[in-house]
Amino acid sequence: MLFPGQRVVMWLVGAAIVAGLVLAPRTTLIALLAVVSLAFLVSVVFKFVVCMRGVRQENHVQVTDEEVTALDPADLPVYTMLVPVFREANIVAQLIGNLGGLDYPAEKLEILLLLEESDTETIEAAKASNPPENITFLIMPPGQPQTKAKACNVGLFLARGEHLVIYDAEDKPDADQLKKAVVAFRRGGDRLVCVQAALNYWNATDNWLTRMFTTEYSFWFDYMLPGLDRLRLPIPLGGTSNHVRTAALRTLGRWDRFNVTEDADLGIRAAALGSTVGVVNSTTFEEANRPPGNRVRQRSRWIKGYLQTLLVHLRHPLRLVRTAGLRQTLAFALLIGGTPVTFLFTPPLYLLFIVSLLLPPTVLDGLFPGWVLWVSLFNLVIGNGLMIYVSMMMGAFKRRRYSLVLRALLNPLYWILHSIASYKAVWQLITKPHYWEKTLHGLSHAAASHSDDGRGAGAGLRTAGPAGASDSHSRRRSSRSACGRAGAGSSPPGTRPSSRRPARSPAAGRTCRGSGSPTRLCRPCSPGSCPAAGSR
Amino acid sequence: MTLAVTTDWDIVQALHAGYRDAVVEQATLGLWRRDKAQSAR
């Protein structure tokens with residue numbers, strides 16, 4: 001993955017550190033601690049400044065309910081929704097129900113459910129879920145790699161929408177999210193190629209970990225990303241609920257299937273090529289990880305992906321500065337590089353602090369210059385304090401999850417998990433750079449009723465209600481679709497009864513691929529052996 | 001003599017089957033083939 005120039009630089013830096021530790025250990029240690037402490041300081045200050053900018057953005061609702069209501073359904077563009085699912089048999093029916101609750105004309109909504117041919121369990125569960133007419137099952141052929149990016153690229157090839165969005169299997173988007181994205185795109189002009197919706201969790205109170213995760217996500221999506229948007233800095237997209245202009249995505253080169261955070265990479269690539277990425281005030285609710293192991297796996301993939309993104313875009317740093325600008329490049333380096341670096345150096349700095357408590361003060365004074373120790377102390381007290389503060393006061397308060405406020409004090413312990421994940425990420429970057437750590441979903445015991453969904457009034461999220469729950473229009477539409485599906489799954493495999501012929505859609509002016517139109521991206525199969533036949 | 005009716009649906013299915021390998025190849029290696037410096041491969 002490393003280009004020759006990068007390889008040389010890394011070897012030189014590594015050799016210099018080793019040589020320094022051998023020839024002049026004290027000076028080298030001082031230099032290392034100074035560099036790490038300053039990097040830590042700059043990264044924390046950068047995040048705090050961006051976050052504060054996001055706070056100022058709080059009262060500015062990007063897309064109002066009035067603008068959404070004013071949209072003429074006849075003028076809405078065709079929207080494609082890509083939903084990659086893999087080993088999600090336990091939640092795929094719920095997913096299909098959630099998608100049916102979106103407030104968007106059904107004839108203009110193309111939903112591509114991206115399934116893997118080897119994953120027969122999920123395919124069967126999806127078939128049994130009685131999907132609405134506008135959902136098409138797209139079966140990926142067997143063979144490696146089985147990654148989300150590859151599946152999404154196949155979906156992109158077939159997508160017919162002017163706009164496109166990705167949702168994960170466990171997602172519950174706000175009902176009016178697509179309409180808000182349409183307004184955002186119209187307002188943002190042609191340079192705006194992508195808008196990211198906020199992500200949050202519906203099972204925040206499951207356990208300690210889900211609570212910490214929720215405060216972190218609220219901080220990131222409610223303040224960091226709006227702050228980056230306000231400052232016109234590169235925005236690393238989240239893994240879901242990113243809405244894109246389909247044509248622009250094809251021009252940008254699609255998702256990189258070798259990057260394990262392909263969405264973050266896309267956001268940075270868009271910025272590097274002169275396009276802009278924005279945010280929209282709508283939320284998608286996901287399931288927070290309960291088990292620590294699952295959490296570490298997921299986080300290690302994210303950190304590995306950030307490191308991949310950093311290495312990729314720094315292959316030609318001068319070119320990046322020329323195309324994106326110095327300010328954007330520095331912000332990219334601080335955000336995408338600073339995040340893993342701070343996690344990597346947290347344990348050594350904690351260790352140093354503990355050692356300093358055990359040793360007499362004169363020992364450390366003799367080892368390190370005073371200013372280095374002061375910077376380290378500043379990072380420990382003020383830096384950690386600022387990050388705890390933004391998690392407490394912002395992540396918890398904005399979503400009116402007041403019970404999480406005091407728990408944010410436990411962030412230093414939570415960050416240890418991130419550090420473990422970051423070391424795992426570095427190891428995998430070397431040994432298995434393209435390996436995708438699968439995150440398990442459907443483990444929450446919480447009812448999917450949004451009883452604690454954090455829809456704070458101050459968040460500007462006064463939507464039609466929880467997706468699939470209270471929007472009467474959507475309910476009617478979903479119900480109608482379901483009726484149209486009656487009996488569709490009962491045909492013999494390998495046959496296509498006449499009732500499954502696609503209906504002509506007058507509004508869209510094209511053939512609908514609804515429940516009666518299975519779409520398989522695989523070789524023609526014989527009757528009786530086709531896993532997709534009869535699926536829609 | 002056999003009369004057959006072809007619909008949009010049939011054409012789409014035929015394209016998917018016929019161009020399967022090309023689509024999957026493009027989905028996997030598209031960015032890398034276009035610009036190696038942009039891909040994490």
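The values are calculated or read from the model by the stated rules, or taken from the named source; none is laboratory data. If you're wondering where the values come from, they're calculated on a predicted model, not measured in any experiment. Don't worry about glycine lacking a Cβ; one is built from the backbone with ideal geometry, like all the others, and counts go over all protein chains shown. Side chains included, ligands, DNA and RNA excluded: accessible areas come from the protein's heavy atoms. Shrake-Rupley method; radii C 1.70, N 1.55, O 1.52, S 1.80 Å.
Observations
- Estimated buried accessible area (total), pair B and A, 1.4 Å, Å² to nearest 100: 2700 Å²
- Taking A:R269, A:R186 and ordering them by how much accessible surface each has at a 1.4 Å probe, largest first, produces A:R186, A:R269.
- Packing, as the average of other Cβ atoms within 10 Å across residues, places the peptides A:273-281, A:350-358, A:298-306, B:13-21 in the order A:298-306, A:273-281, B:13-21, A:350-358, highest first.
- For A:E286, the solvent-accessible surface computed with a 1.4 Å probe is close to 10 Å², ligands and nucleic acids excluded.
- Chain B - mean residue ellipticity at 222 nm from DSSP helices (-39,500 (n - 2.57) per run, n ≥ 4, rounded to 500): -20000 deg cm²/dmol
- Shielding score for A:252-259, defined as the mean number of other chain Cβ atoms within 10 Å: 6
- Across peptide B:12-22, the mean count of Cβ atoms from other chains lying within 10 Å of each residue's own Cβ comes to 4.
- Percent of C-alpha pairs per 10 Å bin in segment A:15-159, short distances first: 9, 22, 17, 18, 17, 11, 5, 0.
- Remark: chain B carries a charge dipole of roughly 340 debye about the Cα centre, counting +1 on each Lys and Arg Cβ and -1 on each Asp and Glu Cβ.
- Peptide A:153-166, shielding by other chains (average Cβ, 10 Å cutoff): 2
- Using a probe of 1.4 Å on the protein chains alone, the accessible area found for B:K36 is around 110 Å².
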